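Below is one structure, written out as structure tokens; comments come after it.
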Amino acid sequence: MSKLDFNNTQQAFAYKSNSELIRDYQIFRLISLSWLVKFGTKAAASLIHAGVKTPVAMGMKPTVYATFCGGNTLTEASKKINNLHNYHVQCVLDYGVEGKDSESDFIRTENAIKEAILFATHNPAVSIVCSKFTGLIPFSILEKLHAQTALSDDEHAVFQKSKARIYSIAQLAADNNISLFVDAEESWIQKPLDDLTYELMAKFNKEKPIIYNTIQFYRKDRLAFLKQEVARAKVDGFIYAVKLVRGAYMEKEATRAAQLNYENPIQNSKEHTDADYNDGLRYAIENIEHTAICVATHNELSTQLAIDLMQEKSLANNHTHIHFSQLYGMSDNITFNVAAAGYNTHKYLPYGPVKDVIPYLIRRAEENTSVAGQMGRELKLLKSEVKRRKLFVL
Ligand SMILES: Cc1cc2nc3c(=O)[nH]c(=O)nc-3n(C[C@H](O)[C@H](O)[C@H](O)COP(=O)(O)OP(=O)(O)OC[C@H]3O[C@@H](n4cnc5c(N)ncnc54)[C@H](O)[C@@H]3O)c2cc1C
């Protein structure tokens, strides 16, 4: 079995200029200070709550925003998109605006996703667009559907409108041969998201994977869910396409379960999450004729496992049903080393107005300080590349 060298920092950071490397090194040094992240995110959240978005955005634009996001618009993001493509890395376009709930916001999100699909159609550096259905359906309606509470007539009408909107996005993606990733969100709204995504897959994934659901293996029930859905899709005659993640809302899930006094749906330990993630990978790759996967992780062991499993099955490195993906600004040591070995590789690239992407940036900072080892690893890799290039940093 050939092993990838995830410590090859020359390969990992070749796409960064010296000044970008130094900027990112400084940003990760700051983010590694958990007290600073706690203070900074609280201060940013309070300022935003008080309606003071502009100074927060101004502070973020040349710093964390530049490290983790593409730009205000697709045109602005093009420089980063094309730069990644020079290193055989494609982009998953992620219109990063979150937490909106009005009809005008939904129209804006629909237009942005459609614009991204059309942009991808004319750009070989992009073949996937990502969507969060909470940007298109009111959260309160999803909560009711999940709890199987009856919708009022008005709510029913709103839901039908949202569904029509999502179908027209999916149709545009299918017509242009662009894949659409549907993100997984909180467990208490996930069932209607899974149901709707299944419906879309049944319509659009007959020949090839167009619509991808997401499964979060930090949930105790998701490995069984994956197996059940793949078996169902086999019977219904389509490719079950899925992005495999560990899950991003662990603390929120635990807090809600404790408050409402139900069993926390999250695994009892990181080891349990890792075991289910890896078993999910094994199951999907064993059934690769009927599934398509995006190995969406910053975990080196899971990435190497996917590669080993592909080799065991003698699958081509660029098999059309298997993709690897990391978030922009993170785990370049995985992305660029995997891409250099000829595997289909993507960066999730959020873009959009700075003030609207702030919740994403806050989550990134919080998530990273709470994930043991992650920050230390990023910092160590950046530091060794700074040293290798003999750059002077204060
Ligand atoms: C391309 C891409 C797309 C993504 N899309 C989504 C999405 O749609 N929805 C979503 O929720 N997340 C998404 N994520 C985020 C993802 O779920 C993880 O939060 C993040 O990637 C960290 O997990 P890891 O596999 O990269 O790495 P690791 O560092 O190996 O794992 C960290 C993760 O393990 C889990 N974990 C940590 N401690 C414990 C514990 N004590 N008990 C149980 N589990 C634990 C948590 O999920 C934590 O995030 C995405 C990530 C990527 C790279």
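In the list Ser104, Ser162, Ser140, Ser168, which residue meets the criterion of being away from the ligand (no atom under 16 Å from the Cβ), at pLDDT below 95 and not β-branched (Val, Ile, Thr)?
Answer to the selection: Ser104.
Just name the residue that is surrounded by the fewest Cβ atoms within 10 Å (Cβ to Cβ) out of those in region 199-222 that are closer than 17 Å to Cys294 by Cβ and away from the ligand (no atom under 13 Å from the Cβ). Ranking the candidates gives Lys208 first. If you go through region 272-325 and keep only what is of a type in the set (Asp, Glu) and under 14 Å from Arg246 (Cβ atoms), you end up with Asp274, Asp276, Asp279, Glu300. Hey, can you tell me all the residues within region 352-364 that are over 13 Å from the mean Cα position of the chain (by Cα) and either part of a loop (DSSP other than H, G, I, E, B) or within 13 Å of the ligand (Cβ to nearest atom) (or both)? Result: Gly352, Pro353.
The residues listed here are Phe119, Phe159; of these, the one that is of a type in the set (Phe, Trp, Tyr), surrounded by 15 or more Cβ atoms within 10 Å (Cβ to Cβ), part of a helix (DSSP H, G or I) and free of Cβ contacts under 8 Å to residues at least 24 places away in the same chain is Phe159. The residue that is surrounded by the fewest Cβ atoms within 10 Å (Cβ to Cβ), among those in region 261-282 that are more than 7 Å from the ligand (Cβ to nearest atom) and of a type in the set (A, V, I, L, M, F, W, C), is Ala275.
Annotation: of all residues in region 91-101 being closer than 22 Å to Ile362 by Cβ and under 14 Å from the mean Cα position of the chain (by Cα), the one that is farthest from the ligand (Cβ to nearest atom) is Val97. Considering each residue of region 342-351 in turn, at least one proves to be within 10 Å of the ligand (Cβ to nearest atom), among the basic types (Lys, Arg), within 16 Å of the chain's Cα centre (by Cα) and modelled with pLDDT of 95 or more. Look at (1) touching a helix residue (DSSP H, G or I) at 6+ places or on another chain (Cβ under 9 Å); (2) under 25 Å from Ile215 (Cβ atoms); (3) among the β-branched types (Val, Ile, Thr) and you find that Val158 fails only one, number (2). Considering region 215-267, and only residues there that are assigned to a loop (DSSP other than H, G, I, E, B) and at pLDDT below 95, the residue that is farthest from the chain's Cα centre (by Cα) turns out to be Tyr249.
For first residues located in region 284-305 and β-branched (Val, Ile, Thr), partners that are assigned to a strand (DSSP E or B) and near the ligand (Cβ under 8 Å from one of its atoms) and lie 6+ apart or on another chain with Cβ distances below 8 Å form the pairs Ile293/Lys243; Val295/Ser325; Thr297/Val245; Thr297/Gln326. All conditions but one from (1) within 16 Å of the ligand (Cβ to nearest atom); (2) in a loop (DSSP other than H, G, I, E, B) apply to Thr67; the one that does not is (2). A Cβ distance below 6 Å, combined with a sequence gap of six or more or placement on separate chains, defines the contacts here; from region 241-254, residues that are closer than 16 Å to Arg363 by Cα and touching a residue at least 40 places away in the same chain (Cβ under 8 Å) reach residues that are charged (D, E, K, R) and more than 6 Å from the ligand (Cβ to nearest atom) in the pairs Tyr249/Glu186.
For region 2-47, a tally of residues being polar (S, T, N, Q) and either modelled with pLDDT under 80 or closer than 17 Å to Thr63 by Cα (or both) returns 9. The requirement of being loosely packed, with under 15 Cβ neighbours inside 10 Å and not in a helix (DSSP H, G or I) is satisfied by Asn177. When each of Ile293, Ile285 is tested for being surrounded by 14 or more Cβ atoms within 10 Å (Cβ to Cβ), more than 16 Å from the ligand (Cβ to nearest atom) and not in a loop (DSSP other than H, G, I, E, B), the lone residue that passes is Ile285.
The values are calculated or read from the model by the stated rules, or taken from the named source; none is laboratory data. Everything quoted here is computed from the prediction, not taken from an experiment. Positions of Cβ are generated from backbone atoms using ideal geometry, with glycine treated the same way; all protein chains shown enter the neighbour counts.
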